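Undergrad: Next up is a structure, given as C-alpha cells.
The values are calculated or read from the model by the stated rules, or taken from the named source; none is laboratory data. Source: prediction; values computed, not measured. Cβ placement follows ideal geometry from the backbone for every residue including glycine, while neighbour counts extend to all protein chains displayed.
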C-alpha cells in the first residue's frame, strides 16, 4: 500500500504547556478542527478523560482518534478512518521553542488503499492544506480564545451573469494575497480613471489549481455595464454567464477562506449539489478590505450547479 507523509508547522506565541493541554484534550478539538468546521452538525463523542473521540458525518465520514502517549515535547495519536474507506494513521504533535514562540508541528504517517496509488501526491497536498487551515485556527484559538471564521450555508440561487474587465494571472498559492491586491488595485485605478462604475461585486474566478506544484491560475474581475474600448494589453474582458450557483459564505479574514472552499468541495463530493464543470468556481467579495476590519469581511465561494 502506498505510504503517505504530511507535516506542517506554525509558530504560536504562548507557553508550550497551554498548547499541549489544549491539543491533548480532545474536548478542545472541535473549534479548530479543519474538518469539523465544514460540517457543524457532525456527531462527535468524546470520552470523559478527553483522550478518545469518535466522529460521524455525511461530509467528513466517520472515524476515531485516540491519544496514545504524551511526553514533554511530543503527543502521539492513533487515527482510524472508517468511512469513506478504512485506513489507519499515526499522528503527532511536536513542540520546540523558537524565536517568537513555540513551533507546533503536526504530522501524519498513513497509507492509501492500493487502488489509489496514483493519488499519493495529490492526497498529501490535500491533507497538507487541511493541516495548514487547522494550524491557523489553532494558533488563533490559543492566542485569542476565539476563531474569526464563520460559515453561512447560502445554498443554491440564481446568478444573472455579467460582463467584466479583469486581469488573468498564474501565481503560487503562497503569493496569491499579494498578487490579488496588486490586480484589484490596478483594476480600481483603471475604472476610476475612466469613470466606470462597477455593476456588481468584485470577484475572482479560479481556472486551475495544481495542488502538487502549488500553482493557481485565476482572473481578478470587476463587473461593468459595458466594456470600454481602451483596455490596453494589461486587462482582459469577458462574461460570466447566467447560471445557478451553490454558495458557501465566509465571515472573517481571508486567511481562513480555505474553510469555505473545503466545505464546498466536501458538499460536492457528498453530492449535495451537482457541479457544472465547464464553469470555473468563483469568489465574490462583499466589502473592501481597505475599509473593513478582517473579522467583518464577507466572501462567497460559489460553484456553478445544475
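Undergrad: Restricting to segment 217-248, count the residues that are over 24 Å from residue 155 (Cβ atoms) and touching a helix residue (DSSP H, G or I) at 6+ places or on another chain (Cβ under 6 Å).
TA: Count: 2.
Undergrad: Does segment 232-243 hold any residues that are in contact with a strand residue (DSSP E or B) (Cβ under 9 Å, 6 or more places away or on another chain) and within 16 Å of residue 169 (Cα to Cα), and which are they?
TA: Scanning segment 232-243 gives 234, 235, 236, 237, 238.
Undergrad: Can you find, within segment 79-137, the residue that is surrounded by the most Cβ atoms within 10 Å (Cβ to Cβ) among those that are at pLDDT below 85 and assigned to a strand (DSSP E or B)?
TA: So the residue we want is 110.
Undergrad: Let me ask something else about it. Output the number of residues of segment 290-306 satisfying the condition of being outside any strand (DSSP E or B) and either within 20 Å of residue 147 (Cβ to Cβ) or in contact with a strand residue (DSSP E or B) (Cβ under 8 Å, 6 or more places away or on another chain) (or both). Talk me through it step by step, then tell me what you get.
TA: Of segment 290-306, the ones outside any strand (DSSP E or B) are 290-297, 306.
Right, trim to either within 20 Å of residue 147 (Cβ to Cβ) or in contact with a strand residue (DSSP E or B) (Cβ under 8 Å, 6 or more places away or on another chain) (or both) and you get 292-297, 306.
The qualifying residues number 7.
Undergrad: Right, another one. Considering segment 138-150 alone, what residues qualify as being under 15 Å from residue 300 (Cβ atoms) and in a loop (DSSP other than H, G, I, E, B)?
TA: 149, the sole residue that qualifies.
Undergrad: Conditions first: (1) part of a helix (DSSP H, G or I); (2) buried (at least 17 other Cβ atoms within 10 Å of the Cβ). Residue 67 passes all but one, so which condition is the exception?
TA: Evaluating residue 67 over (1) part of a helix (DSSP H, G or I); (2) buried (at least 17 other Cβ atoms within 10 Å of the Cβ) leaves (1) as the failure.
Undergrad: Which pairs have Cβ atoms under 7 Å, sit 6 or more apart or on different chains, and link a residue in segment 184-201 that is under 10 Å from residue 224 (Cα atoms) to one that is part of a helix (DSSP H, G or I)?
TA: 198/191
Undergrad: When you scan segment 5-45, how many residues do you find that are farther than 27 Å from residue 272 by Cβ, in contact with a helix residue (DSSP H, G or I) (Cβ under 6 Å, 6 or more places away or on another chain) and either assigned by TED's automatic domain parsing to the domain that holds residue 268 or without any contact (Cβ under 8 Å) to a residue 24 or more places away in the chain (or both)?
TA: 1
Undergrad: Among the numbered criteria (1) at pLDDT below 95; (2) not in a strand (DSSP E or B), which one does residue 14 miss?
TA: So residue 14 meets the others, but not (1).
Undergrad: Further question: Could you please find all residues in segment 238-249 being closer than 13 Å to residue 205 by Cβ and surrounded by fewer than 19 Cβ atoms within 10 Å (Cβ to Cβ)?
TA: 238, 239, 241, 243
Undergrad: Within segment 38-52, count every residue that is more than 18 Å from residue 84 (Cα to Cα) and at pLDDT 95 or above.
TA: The number of residues fulfilling the criteria is 8.
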